[in-house]
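Peer 1: My questions will all concern the structure given below.
The values are calculated or read from the model by the stated rules, or taken from the named source; none is laboratory data. Just so we're clear, the structure is a prediction, and the values are computed from it rather than from any experiment. Glycine gets a Cβ as well: all are built from the backbone with ideal geometry, and neighbour counts include every protein chain shown. Heavy atoms of the whole protein, side chains included, go into the accessibility calculation; ligands, DNA and RNA do not. Shrake-Rupley method; radii C 1.70, N 1.55, O 1.52, S 1.80 Å.
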Amino acid sequence: ICLIHFYKRKEGSLIGDQTMGVLSVLVHVCGFTSFAFAIYYDAYILKLPEHIHPKSESYGGLAKYLTFLNMCLQCIFFFVCLLADMSTNNSAIKRVKDVMFASAAFPIGIFVGVIFWGLWSINRELIFPAKLDGHFPVWLNHLMHTTVLPLQIGELLFSSHKYPSRIVGGGITALLTLGYLVWIHVIYHYGGFWVYPVFRVLTPVTRPAFMALCCSMGFAFYILGEKLNSLINKEVEVEAKQAPTKKSRKAKKDI
């Protein structure tokens, strides 16, 4: 609710469309450039020693990590946003942007940030072992797991979105979530290791329960984005309807 009130001026009217447009483009530029740089650094510059990242766990490459896949998703999404900024509201690229935001960029991006820092707060060895310190830059860790949160919240606030039906949007979210769970089982079967330490410490009983929890969180973040988007748009519509009335009242007083 506090974030939504930021949408308003002190007089109660909406922030100008031009200002909102500038903020939206700024979010898109920051999102695209930050994720593109993080992907490049992670793929071509970062080199971890053998005792940190053994060759026996190289199956799947960087694509085995949800964080890396999410960075690729976010980079593509914000590039699509920039294309949408240069197109009309009813263009196909705008519709693609809306579906991507609703079903993938927002729920998966928020999930990555929340689950990473949530597990870190419990025991960082479950997700990002201390042995990585000194080899993995702190700023890169934040580009991977932290910046996605304010960027997606900024996208939610500063850009308008038309959500698809819940069957379509939620269905895509579910497919992506289940698809990654299948992928990590493929890696375990052929590579002989679990991608994240948290899966190694869980039992055969608690592991499926944790995976089910992750799936539930992904869908919950989809619902959260849908509800917040609806709430924000409702506030905007109400303010837009009230603005002409306020102007007419002010004009009558001046007369």
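Peer 1: Please identify the pairs in which a residue from the stretch 209-221 that is assigned to a helix (DSSP H, G or I) has its Cβ atom under 8 Å from the Cβ atom of a residue that is among the hydroxyl-bearing types (S, T, Y), counting only partners at least 6 apart or on another chain.
Peer 2: That search, which allows pairs on different chains as well, returns C214/T177; C215/T177; G218/T173; G218/T177; F219/T173; F219/T177.
Peer 1: Looking only at the stretch 147-161, count how many residues are surrounded by 19 or more Cβ atoms within 10 Å (Cβ to Cβ) and either in contact with a strand residue (DSSP E or B) (Cβ under 8 Å, 6 or more places away or on another chain) or of a type in the set (G, A, S) (or both).
Peer 2: Residues meeting the conditions: 1.
Peer 1: Mind checking which residues of the stretch 39-96 are more than 23 Å from the chain's Cα centre (by Cα), of a type in the set (V, I, T) and open to solvent by 40 Å² or more (accessible area, probe 1.4 Å)?
Peer 2: Scanning the stretch 39-96 gives I45, T88.
Peer 1: Continuing with this model, one more query. For the structure I just gave you, tell me whether V114 is touching a Ser or Thr at 6+ places or on another chain (Cβ under 9 Å) and among the aliphatic types (A, V, I, L, M).
Peer 2: Taking the combined requirement at face value, the residue does not satisfy it.
Peer 1: Related question: Answer yes or no: is there a residue in the stretch 65-78 that is assigned to a helix (DSSP H, G or I) and in contact with an Asp or Glu (Cβ under 7 Å, 6 or more places away or on another chain). Before you say what the answer is, go through the steps one by one.
Peer 2: Within the stretch 65-78, the first condition is being assigned to a helix (DSSP H, G or I), and the residues that meet it are 66-78.
Okay, now just the ones that are also in contact with an Asp or Glu (Cβ under 7 Å, 6 or more places away or on another chain), so 68.
Looking through the stretch 65-78, at least one residue is assigned to a helix (DSSP H, G or I) and in contact with an Asp or Glu (Cβ under 7 Å, 6 or more places away or on another chain).
Peer 1: So, in the stretch 111-137, of the ones that are in contact (Cβ under 8 Å) with a residue 40 or more places away in the chain, part of a helix (DSSP H, G or I) and open to solvent by 50 Å² or more (accessible area, probe 1.4 Å), which residue ends up farthest from H51 (Cα to Cα)?
Peer 2: Selected residue: V114.
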